[in-house]
Structure formats: C-alpha cells, structure tokens
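A quick write-up on the structure given underneath.
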Amino acid sequence: MNDAPIGVFDSGLGGMSVLREMVQRLPHENFVYVADSGHCPYGGKSQQQIIARTVAITDFLLGRGAKLIVVACNTATVAAVEYLRANYSNGFVGMEPAVKPAVALTRSGVVGVLATVATLSGEKLHKLIDRHAGSVRIITQPCPGLPERVEAGELDSAETRILVERYTAPLLAGGADVMVLGSTHYPFLRPLIQQVVGGEVKLLDTGAAVARRVEGVLAGNGGAGGEDLRADRVGRGGVEWFSSGAPQHMQTIGSRLWGLPIVASALPN
Ligand code: DGL
C-alpha cells in the first residue's frame with residue numbers, strides 16, 4: 001500500500017495548484033491527477049451532477065490503486081465529499097476555504113471570499129463562517145467565468161483582468177484587506193489578482209495546508225486505522241496525468257501551469 005499513488009482530482013486544471021504543494025511537501029510520493037476538463041466548470045452544476053462526476057473519477061482512481069484521494073476542488077468538496085466518505089472505505093482529503101486564517105489576519109475587520117456559486121451556496125461554507133468569523137464581516141463573491149479563463153491558459157488577458165476587476169471591486173469597496181481564494185483555479189491568477197487589488201491586500205489559499213493534512217493522514221495521524229501509508233521509496237515520485245477533455249489541451253495549458261512538460265492521457269469513459 002505504501003507504494004500506491006495518491007489520487008488527486010479537480011473539475012479541471014485548478015487542482016494542480018494543490019498538487020504543486022503536495023509534490024513539494026511529499027517528494028517521494030507518486031500521484032495520479034485527473035482533470036475533469038471535459039465537464040468544467042462544476043460551479044454552476046447541480047449537486048447530483050457533481051456527485052456523479054466525483055463517483056466516476058473516484059472509481060477510476062481506485063482502479064489505479066490510489067491509497068488516498070484528494071478532492072482538490074472546493075466545489076466538489078462542498079457538493080460531494082460527504083457522499084464519497086459515506087460510500088467508499090478509503091480516505092478522502094477535501095478543500096476548506098481559508099476563512100479561519102483570514103479572520104486571524106484581517107486588520108480592517110472585513111474579509112472577502114471569492115469562490116464558485118456552488119461553493120458559496122453550500123452549507124459547509126456557512127458553517128465555516130459561523131464557526132470562525134466572530135465579529136469579522138465576511139463578504140462573499142461568486143466568480144463565474146474565472147475557471148474557464150484558467151482552463152484557457154489566460155492568466156493575464158484583458159478579458160481575465162476585466163473579470164478580476166469586476167469580482168474584487170465589491171470586496172475592496174467593502175473594506176476587505178484579506179481575500180480568500182476559495183477555488184483551486186484562482187492561485188494561478190494570484191499575480192493578476194494581486195496587481196488589481198494592490199499590494200496591501202493579502203490573498204490566502206489552502207494548498208499548503210491541504211498538503212500538510214495529507215502528510216498527517218498518510219503518517220497515520222488522521223485516519224481511523226492509524227496505519228502508516230507513507231511511501232518508502234528513496235527516489236522522487238512522479239505524476240501521471242489524465243483528462244476527460246482533450247489530452248492535448250492538458251499537455252499544452254497544463255505544462256504552462258505546471259512549469260514543466262507533462263504528458264497526458266484520456267480518462268477512459
Ligand atoms: N476548481 C474548482 C474549485 O476549487 C472550481 C472551478 C469550477 O467551477 O469548476 O471550486
């Protein structure tokens with residue numbers, strides 16, 4: 001089991017921002033990454049549709065022998081992680097928008113949360129806000145269209161900038177000095193978002209925190225069984241890439257986002 005890969009998936013290429021942190025923290029692990037780019041975005045889909053996609057991808061990843069599955073997508077976590085945990089016996093690690101650290105960091109007492117419509121309307125986020133916001137005001141902002149810009153590799157095009165300006169304006173007007181990047185696609189837009197909102201505003205994502213959580217679960221500190229699942233190979237692990245969209249698209253745009261050439265295969269139907 002220790003040599004088995006960690007399965008990772010997202011509605012598309014966004015989860016690569018989480019994978020990047022995991023590869024850095026857990027260099028000896030093997031990973032299988034699935035981009036559901038053929039069905040991206042998840043943000044406007046129903047819970048039932050998202051659950052159906054996550055089930056198909058989970059079955060595929062388990063077929064590849066995954067020892068743990070990371071749902072590297074906030075929207076899929078909100079819609080489906082409870083269903084997956086109830087119906088599969090393997091472990092799942094999901095995303096949680098960085099509301100808690102944002103509340104600890106704000107000086108103005110106002111935090112902005114950028115996420116998909118589905119994430120913002122989910123009960124999970126409301127519970128998180130109820131639990132941690134205290135006297136801090138939380139302004140939420142849905143961002144339709146942004147994942148598609150990342151999928152197209154448009155990290156600083158005029159069209160992407162217009163969307164970022166539109167979505168961050170109400171947060172700036174409300175006095176937010178910390179913004180939560182509540183979708184795994186947004187860290188790829190961090191330089192552009194920072195440029196638009198100015199250097200004083202702090203941007204938080206949870207990729208590094210998820211990587212730490214995965215490390216803890218593998219070490220046996222987070223699972224029910226407490227079994228040590230860490231890879232025991234001496235050399236570096238690798239990543240296998242799959243896409244439900246065109247593998248060529250993943251190779252072209254994904255390689256740009258990853259910073260190294262990647263070879264992608266089609267996700268079998
Ligand atoms: N990457 C997904 C997330 O973290 C969002 C993109 C989508 O709408 O599919 O929420």
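The values are calculated or read from the model by the stated rules, or taken from the named source; none is laboratory data. Please read all numbers here as calculations on a predicted model, not as lab measurements. Heads up, the Cβs are rebuilt from the backbone with ideal geometry, glycines too, and the neighbour counts pull from every protein chain shown. The protein model used for the area step is the full one, side chains on, heavy atoms only, and it has no ligands, DNA or RNA in it. Shrake-Rupley method; radii C 1.70, N 1.55, O 1.52, S 1.80 Å.
For the reader, a short list of remarks on this structure follows.
- Summing Lys and Arg as +1 and Asp and Glu as -1 over all other residues whose Cβ lies under 12 Å from the Cβ of G112 gives a net charge of +1.
- Projected onto planes of every orientation and averaged, the convex hull of the alpha-carbon atoms in segment 1-130 covers 8.6 nm².
- Residue-normalised accessible area of segment 64-174, expressed per residue, 1.4 Å probe, Å²: 44 Å²
- Amide H contacts under 5 Å for G12: D36, restricted to partners 5 or more places along the chain or on a different chain, H placed in the peptide plane at 1.01 Å from N.
- Amide proton proximity set for L203, modelled H, under 5 Å, gap of 5+: M179
- Kirkwood Rh, angstrom, segment 94-173 [1 / mean 1/r, Cα pairs]: 13.7 Å
- The candidates F242, F60, arranged from most to least accessible area with a 1.4 Å probe in the full protein assembly, appear as F60, F242.
- Overall form of segment 56-126 per C-alpha gyration tensor (a/c, 1.5; a/b vs b/c): prolate
- Choice from G65, G254, G226 showing the highest fluctuation, given a GNM over the chain with Cα pairs closer than 10 Å: G226
- Net charge of neighbours whose Cβ lies under 14 Å from the Cβ of S243, counting Lys and Arg as +1 and Asp and Glu as -1: -3
- With every protein chain in place, the chain: carbon and sulfur % of accessible area (1.4 Å): 50 percent
- Distant-in-sequence amide H partners of L68 (H built 1.01 Å from N, under 5 Å): G7
- Counting DSSP beta bridges with both ends in the chain, the antiparallel % (nearest 5): 0 percent
- Convex hull projection area averaged over all views, the chain, Cα basis, nm²: 13.5 nm²
- When peptides 172-179, 73-80, 255-262 are ranked by their average number of other Cβ atoms within 10 Å per residue, the highest-first order is 73-80, 172-179, 255-262.
- Rounded D (µm²/s) - segment 166-269, Kirkwood Rh over Cα pairs, Stokes-Einstein at 4 °C, 1.567 mPa s: 75 µm²/s
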